[in-house]
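Below: the structure, in structure tokens.
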Amino acid sequence: MPFLRKSCLCLLGAALATSVLTTGCQSSQPAPDETVIYNKWEVETHRPHKDIVQRPPEEQKEYHDWREKQPHAR
């Protein structure tokens with residue numbers, strides 16, 4: 001019985017490890033249409049291109065406020 005118990009624990013551990021490894025991390029990449037909208041904001045506000053997460057919180061808020069006012073806002 002100890003062999004069976006150890007085998008079950010090994011199988012359970014392998015199953016858990018597999019699920020963690022195959023799930024991966026959530027991507028921080030925006031959806032393609034969101035990228036287009038963000039680029040439009042950069043052009044309209046005469047800002048150099050920079051990833052949104054690299055912008056200061058004030059600029060991120062400006063973008064999100066602007067984004068909510070767009071007719072295609074979610």
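The values are calculated or read from the model by the stated rules, or taken from the named source; none is laboratory data. Since this is a predicted model, take the numbers as computed values, not measurements. Note that each Cβ is placed from the backbone with ideal geometry, even for glycine, and that neighbours are counted across all protein chains shown.
Quick notes
- Taken together, the residues in the range 46-74 that are surrounded by 10 or more Cβ atoms within 10 Å (Cβ to Cβ), among the charged types (D, E, K, R) and not in a helix (DSSP H, G or I) amount to 4.
- Yes/no for residue 69 being among the basic types (Lys, Arg) and modelled with pLDDT of 85 or more: yes
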